[in-house]
Amino acid sequence: MPRTPRARSARALANDAAIRAAGVAEVLRVGVDHLSLRDVGHRAGLTHGATYARYEDVDELLVDLWNSTMLTRAIALYDLCAALVREPSPEHAADLRRWMARAEPADVACFQVLFTARRLPTLHEEVEPFIDEYLIGRWARPDLDPAVGLRVAVLFTLSLVLLAAAHRFGPDDAFETALCEILVEGLSVPPAAVGPVPTLAPPTPFSPPPSDDLRSQLAIATFGVVGRSGYTRATISRIARRANCSPGAIYKLFASKEDLAIEAMRTVMRARLLSPGRRLDVTREGWLTEMLSDAIAPANHVRALFNLEMTIAGAQNERIRAAILDRLTELETVASILSGLGDEERTVLRQRLRAGTFLISAMSYLSTLGAAPSEAELHAFAEPIRGALVAGREHAWRAFAEQIGELARARGE
């Protein structure tokens, strides 16, 4: 005869709640990789022994945070995204924005827990069913509409990215309003109404030119180590082995791993954003499909992981966070000085550039979780969004593309 589970005391339940709240706060403060049961217990006002009596290790705490605190709210967020995809309207967009405005600390921490789980086997075992059911299975399963499933998965990931960005950089109501308008307009086009995929340029793998310069070699080595192992686990010794040099040689060029990672990020982001001008012709059919295809291409998987890991590291590192913001807003800075455009046009163009950047980042992060969509599914999502980005601003986009092309040529890229 099975035993009836013992009822836990009010004190034990209160301790659980305190530990979970402290665990979420510590994830936001130091990140998943630096989480400590001792620090969590201290923040919760409990003894070290009381915390260890409840959890065997940090992995078990993360599993409990996911199952008890994050999973239900992640599903609620997914359902709001699904409602907006199935019935694109200002009302459903407002529902999603209200939920995000009232987001709890656990919702912000969910981004880190969900996207670092692949590196933590115990946590991944618990998170994987959610990924398979909601973020991958909804477009991989034959009994569901894959194009709709992909739209919801991207919107869900985008929502988590926006929550993380608002936590790090502060909210931006004007941008969020503009983004919701773009999404409602783009999602209003049914996938079946999107035309066939045009001829697309093949993905451009991140492949830095060979160099005898140790500084460049170290940046590329850091790119690979951080992408595969995460920022915290990317030690100077591992980077030195990858670059075939000594740790001492690294410290002659870079004061810290932080400086080295920022240099690697600048190298990667420059290769991505200031590549040949054809990729910045937003008015061309298939442009966003190409950009998303490039972001999720298997050849660029390590680049996607590197950008994700640097984003996660930036949550706790102010210098990395500032470097990310500088790179993300580089194209917006170009839009701010375009000649022949009024202030209102420049503002709208900056908002739409940021929307495109966030969408590409969300698709890239989603690709790190598993299977990629087909080209047709990707196009059915991307092309209507591209149309919404361009709508009424064709002249401004052409002026932007021309100036970016001039900038790339001036840099010799």
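Remark: the Cα gyration tensor places the chain in the oblate category, a/c being 1.5 or greater and a/b not exceeding b/c.
Once you treat every alpha carbon in the range 12-55 as an equal point and sum by Debye, what is log10 I(q)/I(0) at q = 0.19, 0.20 Å⁻¹? The Debye formula, applied to the Cα set alone, gives -0.46, -0.51. Among rounded, prolate and oblate, which fits the range 280-319 when a ≥ b ≥ c are the square roots of the eigenvalues of its C-alpha gyration tensor, a/c under 1.5 means rounded, and a/b larger than b/c means prolate? Oblate is the answer for the range 280-319, as a/c is 1.5 or above yet b/c matches or exceeds a/b. When each full DSSP H helix of the chain is screened for a Cα extent of at least 27 Å along its own axis and an average Kyte-Doolittle hydropathy of at least -1.0, the helices passing are 10-30, 146-169, 343-367.
You can think of it this way: the chain between Arg86 and Ser211 has 40.0 nm of extra reach, that is 0.36 nm per residue less the Cα-Cα gap.
Modelled spin labels at Ala299 and Thr283, positioned 7 Å past Cα toward Cβ, are 2.9 nm from each other. For the range 167-220, the share of alpha carbon pairs falling in successive 10 Å distance bins from zero is 15, 19, 21, 28, 16, 1 percent.
Think of each Lys and Arg Cβ as +1 and each Asp and Glu Cβ as -1; about the Cα centre, that makes the dipole of the range 12-55 roughly 80 debye. Got a sec? Charge dipole of the chain, +1 on Cβ for Lys and Arg, -1 for Asp and Glu; which of Ser336, Ala165, Pro384 is way out at the positive end? The listed residue farthest towards the positive side: Ala165.
For the residues Met100, Met363, Met310, a GNM of the chain with alpha-carbon springs under 10 Å puts the largest fluctuation on Met100. Rounded to the nearest 20, the Cβ-based charge dipole of the chain about its Cα centre (Lys and Arg +1, Asp and Glu -1) stands at 1160 debye. Counting every other Cβ atom within 10 Å of each residue's Cβ, Thr222, Thr157 order from fewest to most as Thr157, Thr222.
The mean sequence distance of close C-alpha pairs (under 8 Å, at least 6 residues apart), as a share of the length of the range 1-155, puts its relative contact order at 22 percent.
Mean sequence separation of contacting Cα pairs (under 8 Å, at least six apart), scaled by the length of the range 274-396, corresponds to a relative contact order of 42 percent. Projecting label points 7 angstrom from Cα along Cα→Cβ for Asp57 and Ala249 puts them 3.5 nm apart.
Here Ile131, Ile337 are placed in order of increasing Cβ neighbour count within 10 Å, fewest first, which gives Ile337, Ile131. Divide the volume of the convex hull around the Cα atoms of the range 182-261 by the residue count and you get 164 Å³ per residue.
Computed from the Cα positions only, the extents of the range 214-253 along the three principal axes stand at 23, 16, 14 Å, in decreasing order.
FRET efficiency for the His124 to Ser339 pair, using the beta carbon distance and R₀ = 45 Å, is estimated at 0.30. Across the range 61-104, Cα-Cα pairs more than 16 Å apart make up 42 percent of the total. For the chain, the relative contact order works out to 20 percent when only alpha carbon pairs closer than 8 Å and six or more residues apart are counted. Its Cα centre serving as origin, the range 28-122 has a Cβ charge dipole (Lys and Arg +1, Asp and Glu -1) of approximately 220 debye. With the charge dipole of the chain set up from +1 on Lys and Arg Cβ and -1 on Asp and Glu Cβ about the Cα centre, the Cα lying farthest toward the positive end among the listed residues Asn300, Ala355, Ile182 is that of Asn300. Placing unit charges on each Cβ (+1 for Lys and Arg, -1 for Asp and Glu) gives the range 46-205 a dipole about its Cα centre, and among Leu123, Pro90, Gly195 the Cα reaching farthest toward its positive end belongs to Gly195. By other beta-carbon atoms within 10 Å, ranking Lys252, Lys257 with the fewest at the front produces Lys252, Lys257.
Here, each number is a calculation from the coordinates, and none is a lab measurement. All values reported here derive from a predicted model rather than from experimental measurement. All Cβ positions, glycine included, derive from the backbone under ideal geometry; neighbour counts span all protein chains shown.
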